[in-house]
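For reference, the structure is listed below as C-alpha coordinates.
The values are calculated or read from the model by the stated rules, or taken from the named source; none is laboratory data. It should be emphasised that the depicted structure is a prediction, and the values quoted were computed from it without experimental measurement. Because the Cβ atoms are built from the backbone with ideal geometry, glycine has one as well, and the counts that use them run over all protein chains shown.
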Amino acid sequence: MSGRLRVFIASSLDGFIAGPDDDLSWLPQPSSEPGGDFGYGAFMAEVGALLMGRRTFDVVLGFGGEWPYGERPVLVTTHRPLPSSAPASARAVSGSITELVEAAREAAGGRDVYIDGGDLIRQALDAELIDELVVTLIPVILGAGHPLFAGAQRRHALELIEHTAHAGGLISLRYRGSAGR
(Lines give C-alpha, C1' and ligand atoms only; values in the text may rest on other atoms or scores of the structure.)
Protein backbone atom coordinates (compact mmCIF):
# COMPACT_ATOMS: atom_id res chain seq x y z
CA MET A 1 0.00 0.00 0.00
CA SER A 2 1.28 3.45 -0.81
CA GLY A 3 1.52 6.10 1.85
CA ARG A 4 -0.50 9.26 2.06
CA LEU A 5 0.26 12.50 0.22
CA ARG A 6 0.46 15.12 2.96
CA VAL A 7 1.01 18.84 3.34
CA PHE A 8 2.57 20.46 6.43
CA ILE A 9 2.89 24.19 6.01
CA ALA A 10 2.63 27.50 7.84
CA SER A 11 0.58 30.42 6.62
CA SER A 12 0.18 34.01 7.71
CA LEU A 13 -3.35 35.02 8.63
CA ASP A 14 -3.67 36.65 5.22
CA GLY A 15 -2.74 33.42 3.42
CA PHE A 16 0.94 33.81 2.56
CA ILE A 17 3.54 31.06 2.95
CA ALA A 18 6.46 33.42 2.39
CA GLY A 19 6.82 37.16 2.32
CA PRO A 20 8.26 39.15 -0.60
CA ASP A 21 11.64 37.84 -1.78
CA ASP A 22 10.93 34.47 -0.09
CA ASP A 23 11.15 36.10 3.37
CA LEU A 24 10.53 33.57 6.14
CA SER A 25 11.69 35.73 9.05
CA TRP A 26 8.10 35.92 10.35
CA LEU A 27 8.01 32.18 11.11
CA PRO A 28 8.45 31.27 14.78
CA GLN A 29 11.45 29.15 15.66
CA PRO A 30 10.75 25.73 17.17
CA SER A 31 11.78 25.16 20.76
CA SER A 32 12.91 22.12 22.73
CA GLU A 33 9.81 22.35 24.92
CA PRO A 34 7.21 19.57 24.53
CA GLY A 35 5.14 20.46 21.47
CA GLY A 36 7.62 23.22 20.64
CA ASP A 37 8.06 21.98 17.08
CA PHE A 38 4.31 22.44 16.39
CA GLY A 39 3.92 18.75 15.46
CA TYR A 40 6.62 18.74 12.81
CA GLY A 41 8.70 15.95 14.37
CA ALA A 42 5.75 13.57 14.62
CA PHE A 43 4.77 14.44 11.05
CA MET A 44 8.27 13.81 9.69
CA ALA A 45 8.50 10.47 11.53
CA GLU A 46 5.88 9.17 9.07
CA VAL A 47 7.46 10.64 5.91
CA GLY A 48 9.45 8.47 3.54
CA ALA A 49 10.10 11.03 0.79
CA LEU A 50 9.49 14.66 -0.12
CA LEU A 51 8.18 16.15 -3.33
CA MET A 52 9.35 19.75 -3.41
CA GLY A 53 9.13 22.65 -5.79
CA ARG A 54 12.38 24.12 -7.07
CA ARG A 55 11.86 27.52 -5.44
CA THR A 56 11.23 25.88 -2.05
CA PHE A 57 14.29 23.67 -2.52
CA ASP A 58 16.50 26.66 -3.32
CA VAL A 59 15.23 28.54 -0.24
CA VAL A 60 15.85 25.56 2.07
CA LEU A 61 19.28 24.90 0.53
CA GLY A 62 20.10 28.59 1.06
CA PHE A 63 19.64 28.21 4.83
CA GLY A 64 23.02 26.47 4.94
CA GLY A 65 23.95 24.17 7.77
CA GLU A 66 22.77 20.60 8.07
CA TRP A 67 20.23 19.44 5.48
CA PRO A 68 16.95 19.27 7.44
CA TYR A 69 15.58 16.15 5.72
CA GLY A 70 18.48 13.82 6.44
CA GLU A 71 18.77 10.90 4.04
CA ARG A 72 15.12 10.95 2.98
CA PRO A 73 14.74 11.14 -0.79
CA VAL A 74 13.82 14.65 -1.95
CA LEU A 75 12.36 14.86 -5.45
CA VAL A 76 12.72 18.42 -6.74
CA THR A 77 10.43 19.45 -9.56
CA THR A 78 12.57 21.31 -12.05
CA HIS A 79 13.87 21.32 -15.59
CA ARG A 80 17.22 22.73 -14.47
CA PRO A 81 20.07 20.71 -12.99
CA LEU A 82 20.42 20.87 -9.22
CA PRO A 83 23.46 22.76 -7.91
CA SER A 84 26.58 20.85 -6.89
CA SER A 85 25.84 21.83 -3.28
CA ALA A 86 22.60 19.80 -3.35
CA PRO A 87 22.54 16.86 -0.95
CA ALA A 88 22.97 13.38 -2.41
CA SER A 89 19.39 12.53 -1.37
CA ALA A 90 17.95 15.18 -3.73
CA ARG A 91 17.22 14.56 -7.39
CA ALA A 92 15.55 16.56 -10.14
CA VAL A 93 12.25 15.28 -11.55
CA SER A 94 9.72 16.55 -14.06
CA GLY A 95 6.37 15.47 -15.41
CA SER A 96 2.68 15.84 -14.70
CA ILE A 97 1.56 16.18 -11.10
CA THR A 98 0.25 12.60 -11.21
CA GLU A 99 3.61 11.30 -12.47
CA LEU A 100 5.49 13.34 -9.87
CA VAL A 101 3.36 12.04 -7.01
CA GLU A 102 3.74 8.47 -8.25
CA ALA A 103 7.54 8.85 -8.39
CA ALA A 104 7.55 10.30 -4.86
CA ARG A 105 5.37 7.47 -3.56
CA GLU A 106 7.76 4.95 -5.08
CA ALA A 107 10.72 6.71 -3.44
CA ALA A 108 8.83 6.76 -0.10
CA GLY A 109 8.67 2.96 -0.03
CA GLY A 110 5.13 2.75 1.34
CA ARG A 111 5.55 5.61 3.81
CA ASP A 112 3.96 9.06 3.48
CA VAL A 113 5.01 11.70 0.96
CA TYR A 114 5.45 15.29 2.14
CA ILE A 115 4.58 17.70 -0.66
CA ASP A 116 6.00 21.20 -0.22
CA GLY A 117 5.81 24.37 -2.30
CA GLY A 118 2.79 26.51 -3.07
CA ASP A 119 2.50 25.71 -6.77
CA LEU A 120 2.89 21.95 -6.27
CA ILE A 121 0.37 21.95 -3.43
CA ARG A 122 -2.16 23.76 -5.62
CA GLN A 123 -1.57 21.33 -8.51
CA ALA A 124 -2.01 18.29 -6.24
CA LEU A 125 -5.10 19.85 -4.66
CA ASP A 126 -6.65 20.47 -8.09
CA ALA A 127 -5.83 16.88 -9.12
CA GLU A 128 -7.48 15.60 -5.89
CA LEU A 129 -4.30 13.81 -4.83
CA ILE A 130 -3.86 15.23 -1.31
CA ASP A 131 -4.88 13.01 1.58
CA GLU A 132 -4.16 15.43 4.41
CA LEU A 133 -3.21 19.06 4.95
CA VAL A 134 -1.83 20.55 8.14
CA VAL A 135 -1.85 24.33 7.92
CA THR A 136 -0.46 26.19 10.92
CA LEU A 137 -1.77 29.74 11.09
CA ILE A 138 0.79 32.24 12.37
CA PRO A 139 -0.73 35.37 13.96
CA VAL A 140 0.89 37.82 11.57
CA ILE A 141 -0.38 39.71 8.55
CA LEU A 142 2.23 40.08 5.82
CA GLY A 143 0.23 42.07 3.28
CA ALA A 144 2.17 40.61 0.36
CA GLY A 145 4.23 37.58 -0.60
CA HIS A 146 3.69 34.09 -1.94
CA PRO A 147 0.09 32.88 -1.45
CA LEU A 148 -0.73 29.35 -0.37
CA PHE A 149 -3.97 28.68 -2.24
CA ALA A 150 -4.39 31.59 -4.66
CA GLY A 151 -4.36 30.17 -8.17
CA ALA A 152 -6.22 26.94 -7.37
CA GLN A 153 -8.30 26.12 -10.43
CA ARG A 154 -11.53 25.49 -8.53
CA ARG A 155 -13.21 25.39 -5.14
CA HIS A 156 -12.10 22.65 -2.70
CA ALA A 157 -14.11 21.59 0.33
CA LEU A 158 -11.91 20.20 3.08
CA GLU A 159 -12.94 18.32 6.21
CA LEU A 160 -11.47 19.58 9.48
CA ILE A 161 -10.33 16.58 11.52
CA GLU A 162 -8.28 18.27 14.24
CA HIS A 163 -7.16 21.63 15.53
CA THR A 164 -4.35 22.31 17.97
CA ALA A 165 -3.53 25.57 19.74
CA HIS A 166 0.15 26.27 20.33
CA ALA A 167 2.02 28.83 22.43
CA GLY A 168 2.24 32.27 20.89
CA GLY A 169 -1.23 32.14 19.35
CA LEU A 170 -0.43 29.63 16.59
CA ILE A 171 -3.17 27.23 15.54
CA SER A 172 -2.59 24.05 13.53
CA LEU A 173 -5.55 22.93 11.45
CA ARG A 174 -5.51 19.36 10.14
CA TYR A 175 -7.81 18.72 7.18
CA ARG A 176 -8.69 15.64 5.21
CA GLY A 177 -8.22 16.26 1.49
CA SER A 178 -10.35 14.79 -1.25
CA ALA A 179 -7.97 11.84 -1.77
CA GLY A 180 -8.27 10.96 1.94
CA ARG A 181 -12.04 10.50 1.87
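Taking the listed residues 172, 94, the one that is touching a residue at least 12 places away in the same chain (Cβ under 8 Å), under 16 Å from residue 51 (Cβ atoms) and of a type in the set (Ser, Thr, Tyr) is 94, with no other qualifying.
When the strands (runs of 3 or more DSSP E) confined to region 132-181 are screened for residues that are closer than 16 Å to residue 4 by Cα, those reaching at least 3 such residues are found at 132-138, 171-176. Within region 1-24, the set of residues being outside any strand (DSSP E or B) and either touching a helix residue (DSSP H, G or I) at 6+ places or on another chain (Cβ under 9 Å) or free of Cβ contacts under 8 Å to residues at least 24 places away in the same chain (or both) comprises 2, 3, 4, 21, 22, 24.
Can you go through 153, 123 and tell me which one is surrounded by 12 or more Cβ atoms within 10 Å (Cβ to Cβ) and more than 29 Å from residue 35 (Cβ to Cβ)? Walk me through it before giving the result.
On the way: 153 fails: surrounded by 12 or more Cβ atoms within 10 Å (Cβ to Cβ).
When all the criteria are applied, what remains is 123.
Among residues of region 137-159 being among the small types (Gly, Ala, Ser) and within 18 Å of the chain's Cα centre (by Cα), the one that is modelled with the highest pLDDT is 145.
Search region 162-181 for residues being of a type outside the set (Ser, Thr, Tyr) and touching a helix residue (DSSP H, G or I) at 6+ places or on another chain (Cβ under 9 Å), and hand back the single one that is surrounded by the fewest Cβ atoms within 10 Å (Cβ to Cβ).
If we filter region 162-181 for residues that are of a type outside the set (Ser, Thr, Tyr), which is where we start, we get 162-163, 165-171, 173-174, 176-177, 179-181.
Now drop any that are not touching a helix residue (DSSP H, G or I) at 6+ places or on another chain (Cβ under 9 Å), which leaves 177, 179.
Numbers: 177: 22, 179: 16.
Once the filter is applied, the top-ranked residue is 179.
Look at region 107-131: where a residue is farther than 18 Å from residue 181 by Cα and a partner is among the polar types (S, T, N, Q) and part of a strand (DSSP E or B), sitting 6+ places away or on another chain with Cβ atoms under 7 Å, you get 120/77.
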